[in-house]
Structure formats: structure tokens, C-alpha cells
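This report concerns only the one structure given below.
No value in this document is a laboratory result; all are computed from the given coordinates. Model, not experiment: these values are computed from the prediction. Cβ sites come from the backbone with ideal geometry, for glycine too, and all protein chains shown count toward neighbours.
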Amino acid sequence: MHFNPTVTVSGSRIVLGDIATIQGAGDQHKALARLPVGSSPAPGKSKDFYTVSVINSLQHRRGVTNIDWQGSPNIAVTRTATRISQKQIEAILGQFLQDNRNKLPKADIRLQILRAPDELILPEGNVTWQVTPSRAAILGSSSFSIAFAVNGTPAGNCIVRSRLKALANVAVAAVSLQRGERVKQSSIRLEKRDISKLDAPYTELAGLIGKETLKTINAGTVLEHDFIGLPSIIHKGEMVTIVARRGTMRLTAKGLSRENGHKGEMIRVKNISSNKMVYCRVDRPGMVSVEF
């Protein structure tokens, strides 16, 4: 039997046949080749074995008597590895975004890597992976976790810190808009913005014209659906009919609306007869109601 000075292995365990050349054939020689010697170094690493130590560890094994041990007194064992570079990590994330395009908005998706491993060293074999974004919706994720497996066995994972942008044309207030103001063509414009942290921006101007702002909006603000509503059906300063109900009783009075109101919304109305301010529900154009 001849010990080799340098050997390369791929598995996690070293057997005698990995580090020595065994002359002869037959079941006995095959059994010798399968005798365990020790653990392999980490993937991509090397470690030394001393021939004397190997021989001593095998003395109690059957079939090792009367063997002529020859060869190198030291054996340098190197374990092969699969190396995953930072560029490959970026490519994995790029492919993940492409595969999940249906979950992302119609926008120019840009991934900026902020922090990622320079290299991952995995055991040699068939490498697979699973990507998990920090947010289930993907958009708005600040990191991605990549779990690697080799030949179906978990082999390591890494966290990639990133910034995910989605650039799209969205409606922006060209001027400051007050609450209750009608949206006009001249008061809005389309601009390309990052929508990754927006909930529901308008991507077209046509759906905004003639609607009404539900809050004060500063110039340059992206218009989202929560900011805009249908036009008020009752307007500030408008004369309305107040319908007061109690059980089957129904009374009416004239009132003056003190603010704009959408259907179902509670607004302040001044009762003309009593000169009192009451909160009424908007029912339809020109009519509000109150329970008493």
C-alpha cells in the first residue's frame, strides 16, 4: 500500500482509498479502500494527515495485518468546493425578480446591492437555492435571504441587503391642492418616480380629472388613491333639506351646509330655523339626515 503525498476529495469523510494506492483486486482490497480515516477539511480547505497516525488508527481493523505500508509520511488533503461569487448572487436575485414579475408593478425594476458576501464556499455537487424576500409582496424588501442546498442537503445561507426600486410614471400634484378642491388638467402632471414605498399611486391622468381631493396635497406629492375621491354631492354654502328621524316620525327643515360632503359622510349643517349647528349624514344631492 502506497500513501500519496497530496490528494483531493469531494465528500465530508475520508476513506483509506482516498489517500492511498492499494495494489491488487478482490473483495478484501475493496474492503480496505472503504475503511474510514477521518473527516475531510471544510470545502475549499486543506489539512494534513500523518501516515503513522493513520496506520495506528487502523491496526485494530480486520485485514490490515501483514500490510506493507509505504509512501509519503505526510498527506495533504484538499477538499473540492463550489464557489458562489457576488456576481452569481446578484444573478440569482435578478432571476428571482424575473420569475416573479407577475407580483411586481409594471415599472422599471432596479435592484441595488448594498451588502452581500464576496464569496460563498459550498460543498461540491448539484447546487440549488431558495430566495425569500423580507416582504412577501417583494416590492419594498430591504433584504433577501438565499438558502443553498447541495444534492438536496442544506449547505448554507446568506443575507443580501439591498434597495429595490420600481420606477414608473405616476401622477404628481403640479401645484398645492386644498382639501375638497376639484382636480384639473393643469394641476397635475406625470413624472417618473420610485413607487416601491407607495401603496396605490395613479399611473394615468385621465382617471383624476374632475375628482376631488380628500386632504391638502403639497406640490410635488405623488397622488395616491387614498388622497382622491368622487366629487362632493353637497358643497359648502349650499342650502339643503334636513330630514330629522325618530322611529316613524319624520321632520324636515332647511339648513345651510358649512362644508363639502360625499354620500354617507357626516358634515356640519346650520339649521336655519333654530340657528343651531348639527352634524348630518349626506344622503343625496340637496338632502341630509339626522337622528334625534
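Comparing Cα centroids, the range 229-292 and the range 1-80 end up 94 angstrom apart. Computed from the Cβ-Cβ distance with R0 of 30 Å, the FRET efficiency linking residue 55 to residue 80 stands at 0.70. Each of 117, 151, 1 was placed along the dipole of the chain (beta-carbon charges, centred on the mean Cα), and the one lying farthest toward the positive end is 117. The stretch between residue 102 and residue 268 holds 55.2 nm of extra length on full extension. This uses 0.36 nm per residue minus the Cα-Cα distance.
Provide the packing ranking of 165-172, 284-291, i.e. peptides ordered by the mean count of other C-beta atoms within 10 Å per residue, highest first.
With the highest mean Cβ count within 10 Å placed first, the list reads 165-172, 284-291.
Here residue 30 is the anchor, and the lysines within straight C-alpha reach of less than 28 Å, apart from those fewer than 8 places off in the same chain, are 45, 47.
Label-to-label distance for residue 134 and residue 197 is 1.2 nm, based on points extended 7 Å past Cα in the beta-carbon direction.
Separation of the alpha carbons by more than 29 angstrom is noted, of 103/192; 103/184; 197/263; 106/215; 211/276; 211/270, for 103/184; 197/263; 211/276. Here the dipole of the range 155-243 is about 320 debye; that uses its Cα centre as origin and unit charges on the Cβ of Lys and Arg (positive) and Asp and Glu (negative).
Computed with the Debye formula from one identical point scatterer per Cα of the range 2-79, without solvent, the log10 of I(q)/I(0) at q = 0.15, 0.17, 0.27 Å⁻¹ comes to -0.48, -0.61, -1.45. Scattering from the C-alpha atoms of the chain alone, worked out with Debye: what is log10 I(q)/I(0) at q = 0.07, 0.10, 0.12, 0.16 1/Å? Normalising to I(0) and taking log10 leaves -0.57, -0.78, -0.91, -1.13. For the modelled label position 7 Å from the Cα of residue 88 along Cα-to-Cβ, which residues of the range 1-41 have backbone nitrogen atoms closer than 17 Å? Under 17 Å, as judged by backbone N against the label point of residue 88, lie 10-11 of the range 1-41. Simple rule: put +1 on each Lys or Arg Cβ and -1 on each Asp or Glu Cβ in the chain, find the dipole, and look at 134, 78, 273; the Cα lying farthest toward the positive end is 273.
Over the range 167-229, consider all pairs of different Cα atoms and compute the Kirkwood hydrodynamic radius from their mean reciprocal separation; express it in Å, one decimal. Don't jump to the answer; show the numbers that get you there.
Numbers: mean 1/r = 0.0888 Å⁻¹.
After inverting the pairwise mean of 1/r, the radius is 11.3 Å.
Farthest towards the positive end of the charge dipole of the range 175-284, among the residues 214, 232, 187, is the Cα of 232, using unit charges on the Cβ of Lys, Arg, Asp and Glu. Mean projected area of the Cα convex hull of the range 142-292, taken over all directions, amounts to 15.6 nm². Note on residue 46 and residue 23: the extension gain reaches 5.7 nm, defined as 0.36 nm multiplied by sequence separation minus the Cα-Cα distance. Normalised by the number of residues in the chain, the mean separation of alpha-carbon contacts (under 8 Å, six or more apart) gives a relative contact order of 11 percent. Compared with the dominant principal axis of the Cα atoms in the chain, helix 86-99 is inclined by about 50°. Charges were assigned to the Cβ only: +1 to each Lys and Arg, -1 to each Asp and Glu. The resulting dipole of the chain about its Cα centre is roughly 1540 debye.
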